[in-house]
1. What is the local net charge at Glu65, summed over the other residues whose Cβ is closer than 15 Å to its Cβ (Lys, Arg +1; Asp, Glu -1)?
2. Would you please classify the overall shape of region 38-171 from the alpha carbon gyration tensor, given that a ≥ b ≥ c denote the square roots of the eigenvalues, rounded means a/c under 1.5, and beyond that prolate means a/b larger than b/c while oblate covers the rest?
3. Identify all aspartates and glutamates with a Cα-Cα distance to Lys88 below 17 Å; exclude those on the same chain that are fewer than 8 residues away in sequence.
4. List the aspartates and glutamates whose Cα sits under 13 Å from the Cα of Lys138, skipping any in the same chain fewer than 8 residues away.
5. For the residues Tyr246, Tyr516, what sequence is obtained by ranking on other C-beta atoms within 10 Å, fewest first?
6. Using only DSSP helix segments of four residues or longer, with each worth -39500 (n - 2.57), what per-residue ellipticity at 222 nm results for the chain after dividing by its residue count and rounding to 500?
7. Roughly what would the spin-label model give for Glu159 and Thr391, points 7 Å off Cα along C-beta, in nm?
8. Where nothing but the Cβ of Lys and Arg (+1) and of Asp and Glu (-1) is charged, how large is the charge dipole of region 384-454 around its Cα centre, in debye to the nearest 20?
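What follows draws every value from the coordinates through simple rules; no lab data is involved. What you see is a predicted model, and the numbers here were worked out from it, not measured in a lab. Glycine also receives a Cβ, built like all others from the backbone with ideal geometry; neighbour counts cover every protein chain displayed.
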Amino acid sequence: MTDDYSPFEEKISREDFESRVKSKVREFQGLLTREGAITILASELGIELSNKPSDIRIKVSDIIEGTINIDLVGKVTRISEPKEFVRKTSGMNGKVQRLEIADESGSIPLVLWDEKVDDAAGIKVGDVVSIIAGFAKKGLNDRLELTLQRRGNIEPSDEIIDVKERRPERVEIGFLKEDTGDLKIVGSVASVSDVREYERDGRSFKVCSLFLKDNTGQVRVSLWNENADKMAHVSVGDIIEVENCYSRRGLNGIEIQTNSYTRLDLNPDIDGLSLPTIDSEVKVSDITSDMQFFTVCGTVNRVFDTRSFERDDGSLGIVTSMELDDGSGTCRVSLWDDKAKAIQSIPEGTVVVIEGCRAREGLDGVEISLGRSGRLMPRLPDIEQYSPGPTGLARVAEVKDGAIKASSKEGELVILTDEQTFSPGDLIHYVGTMEGENIRAKSVTASKEEYPTLDELTSPPRISLKELAPERIVNLHGIARHVTQVRDYNMVRLDDGTSIVTGYCHDEGLDEGCEYSIVARTFSNGDRVEFFARSADSIDDVDEAYRLLQMF
């Protein structure tokens, strides 16, 4: 007998201990050492061993929660995209990636963290890998998963594992069955919601819902975290392929759920596949009370007061309504919860797009209702035309080291060129291609066209908001009364005491209630003058007081 029985004395007899250890070794068909069998037995009995055994080479089906030093050879059947995050405790950046590892006995997720993600960069689906020093624990949905210990590693293996690769099967929406995995569906977007953020058990999540439609039916698809973020640029009528998803029974029938392995393909090649055309917008005059998941666009005539209410489950909600006019008629729109909050930052007279509407019969005719499954957003002007492009005019600010730093009406830019004969203030015409955020010039020539001076571009005059006129470069000061994320921009309602004006800014650091100095370009948006800016500088109250003191 050996001393390795001592940790088990209070749990089982020596005879039972030896019998169960030998049984484990036989069960693993000689692939498990005595030390490994003792470790598994200790895990089953809840015993912490002070002397850890050498590595255990086992099959997937034999892995038990709490087992350490696991060596495993398996085939990679699925890989998620690496995800970057910021740790709440330390503020440090981290990375995580999930792989599905399978052998003849089953499959198990492998979670890689930080530098282990980089180590697995060359691994792809179908590769056979060797897992060294793994640790088994419960993970997502209480499923057993592997992580690597500090000394652990994942590396290619020459062994042959006879496991079929998991290939998603495309299923038409009308033929979806409950609790089916490894699915692939393709459909036209009938409706898409805003991305909603919430916390649970100390973790932050993002979720977005969309409705996909093909010629056999329609289904709700729930997208999480990174996949939810991708919906910011999706519009009604777009075609999406969802691969590696699964079906389940929801409140309104079968729904599609996604996970970290899910891949989204926007407007894929669907040669030979017929999909229904989704009307991008419906006229108010054509809305009937039985319509669902449609899009309407119109001007906000009036926003009514918001009221709070208590739901059946005791939670609080808010609701408001507005009057929408699209030229063919007017309609009352009821907005719930986050949509009720969003409309408060959108001024009357703004043209808005409402997706995922549901119609109903109201007291004064047909009304529209918009909740979580829909999306409300201003109709953005063509802001991209106000960003520096590969061709244009600019004033030279500095010439140095094979580049020209310049300022244009669209903002500051860097032109990569060997042409160094220009001086600050010169007006140039450049032609080139975009290279990241810079421009690789094919030609740079002097120009004599009319154009603002360098000082007017970099230090434009400060004016009040009531003096705004279109197509000018101006310096605006004001308080951000409302800040709303709209696609890649922050829509801000700027107030300087003379007027409140809507603008669009690339800067993500805008906070409501703070005062900013903004160099902007103005433009006409319908009957209103609005502005676009690349960034906004926060105004410090003390510095501003000293500036005013010096003026007087």
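1. Here the count lands on -2.
2. oblate
3. Asp114, Glu197, Glu199, Asp201
4. Answer for Lys138, where 13 Å is the Cα cut-off: Glu65, listed by chain and number.
5. The most exposed by this proxy come first: Tyr246, Tyr516.
6. Helix contribution divided over all residues of the chain: -3000 deg cm²/dmol.
7. Calculated label separation equals 6.1 nm.
8. 100
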